[in-house]
Amino acid sequence: MTSESPAIVRNLVAGSWNEGSTLDRRSPVTGDVVSSAAQASTADAERALDFAAASAADVAALSPAARADI
């Protein structure tokens, strides 16, 4: 058993970190919380898709090295 705080995994949606509700992930062995992950809503997914579609041409114009730096 460790005294470390569990990792918190957030979603980056359209340039903003999702601060909504989270879902605890538990160890199947101990039942301890090992991480908390952001729960994306349908609206979050739609915002992410809209942002990706609007950004596709700009990202496609970047060199592979520049895309790797994102």
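The values are calculated or read from the model by the stated rules, or taken from the named source; none is laboratory data. In this text, all values refer to a predicted model and were calculated from it rather than measured experimentally. Cβ placement follows ideal geometry from the backbone for every residue including glycine, while neighbour counts extend to all protein chains displayed. Note: accessible area is taken over every heavy atom of the protein model, side chains too, but ligands, DNA and RNA are not part of it. Shrake-Rupley method; radii C 1.70, N 1.55, O 1.52, S 1.80 Å.
Starting from segment 46-70, take each residue that is within 10 Å of ALA14 (Cα to Cα) and list its partners that are not in a loop (DSSP other than H, G, I, E, B), counting only C-beta distances under 9 angstrom and pairs at least six apart or across chains.
If the second residue must be not in a loop (DSSP other than H, G, I, E, B), the pairs left are ARG47/VAL13; ARG47/SER16; ALA48/LEU12; ALA48/VAL13; PHE51/VAL13; ALA52/VAL59.
Output the number of residues of segment 1-14 satisfying the condition of being within 14 Å of the chain's Cα centre (by Cα) and open to solvent by 60 Å² or more (accessible area, probe 1.4 Å). Show your work before the answer.
So the first thing to find is which residues in segment 1-14 are within 14 Å of the chain's Cα centre (by Cα), and the list is 7-14.
Filter again for open to solvent by 60 Å² or more (accessible area, probe 1.4 Å), leaving 8-10, 12.
Within segment 1-14, residues that are within 14 Å of the chain's Cα centre (by Cα) and open to solvent by 60 Å² or more (accessible area, probe 1.4 Å) number 4.
Give me a count of the residues in segment 16-34 that are under 24 Å from ILE70 (Cβ atoms) and either open to solvent by 60 Å² or more (accessible area, probe 1.4 Å) or assigned to a strand (DSSP E or B) (or both). Spell out the reasoning first.
Our first condition is that a residue be under 24 Å from ILE70 (Cβ atoms); within segment 16-34, this holds for 16-20.
In the following step, the residues that additionally are either open to solvent by 60 Å² or more (accessible area, probe 1.4 Å) or assigned to a strand (DSSP E or B) (or both) were identified as 16-17, 19.
Number satisfying all stated conditions: 3.
Which condition breaks for ILE70 when tested against (1) surrounded by 11 or more Cβ atoms within 10 Å (Cβ to Cβ); (2) in contact with a helix residue (DSSP H, G or I) (Cβ under 9 Å, 6 or more places away or on another chain)?
(1)
Which of (1) open to solvent by 100 Å² or more (accessible area, probe 1.4 Å); (2) within 29 Å of ALA54 (Cβ to Cβ); (3) in a strand (DSSP E or B) is the odd one out, the single condition ALA37 does not satisfy?
Here ALA37 clears every test but (1).
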